[in-house]
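So the structure is just underneath, and the comments pick up after that.
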Amino acid sequence: MNEFKEITAAQLEGNPFQMIGKDWMLVTAEKEGTVNTMTASWGGLGIMWGKNVAFVTIRPQRYTKEFIDFSDTFSLSFYDESYRKTLAYLGRVSGRDENKIEKAELTMAYDNRTPYFEEANTVLICKKLFAQPYAEESFIDKSILPDVYPNKDFHTLYVADIIKVLVKEA
């Protein structure tokens, strides 16, 4: 595998709308020695409280949520198009039901105690700053609710400090 180099968040290249919304990302965390990951296409990058942050949203029934809630840190990792089928699989199958990371044949790596995968081309190591469940009464545009939340299984919003950016060296 190629090695990663660390860059600053300001040096990160790429359009976050493409990276997250179109190319997707893996949200990965560890709980008591076990790692779980999920594919996500909702989230963002920006500035909050004077910090470079990432935000992600996770529904309550997602197994990965237990891992994010347990850990102080998590990773967001991004891949080239050759991993599309792998990302689709990791978003479709629950780690409760099978060892999906092993079946996806991804190679686990760690930055301190934060897991990520060597196959990624970009990795954001994130430290949680804030978590808040969405509430129905907070939606100003109520037209979102029937399509996105017909079961009222509102996401939890996580805002995290991007403490390290790793990019694959060419």
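The values are calculated or read from the model by the stated rules, or taken from the named source; none is laboratory data. The model shown is predicted, which means the values in this text are computed figures rather than measured ones. Backbone-built Cβ (ideal geometry, glycine too); neighbour counts: all protein chains shown. These accessible areas exclude ligands, DNA and RNA; they are computed on the full protein's heavy atoms, side chains included. Shrake-Rupley method; radii C 1.70, N 1.55, O 1.52, S 1.80 Å.
Annotations for the structure displayed:
- Hits in the stretch 125-170 - residues which are open to solvent by 80 Å² or more (accessible area, probe 1.4 Å), among the aliphatic types (A, V, I, L, M) and closer than 30 Å to ASP80 by Cβ: ILE163, ALA170
- Counting the residues of the stretch 26-76 that are closer than 14 Å to LEU90 by Cβ, open to solvent by 20 Å² or more (accessible area, probe 1.4 Å) and in contact with a Pro (Cβ under 8 Å, 6 or more places away or on another chain) gives 1.
- One residue from GLY14, GLY21 being open to solvent by less than 80 Å² (accessible area, probe 1.4 Å), more than 19 Å from LYS128 (Cα to Cα) and either touching a residue at least 60 places away in the same chain (Cβ under 8 Å) or not small (Gly, Ala, Ser) (or both): GLY14
- Strands (runs of 3 or more DSSP E) lying entirely in the stretch 78-168 (those with 1 or more residues that are farther than 19 Å from ILE58 by Cβ): 108-111, 122-133, 156-168
- Residues that are hydrophobic (A, V, I, L, M, F, W, C) and surrounded by 19 or more Cβ atoms within 10 Å (Cβ to Cβ), drawn from the stretch 77-97: PHE78, LEU87, LEU90
- Reported count of residues in the stretch 55-79, each being more than 11 Å from the chain's Cα centre (by Cα) and without any contact (Cβ under 8 Å) to a residue 40 or more places away in the chain, is 4.
- Qualifying residue in the stretch 32-39 (condition: within 27 Å of TYR149 (Cα to Cα) and in a loop (DSSP other than H, G, I, E, B)): no
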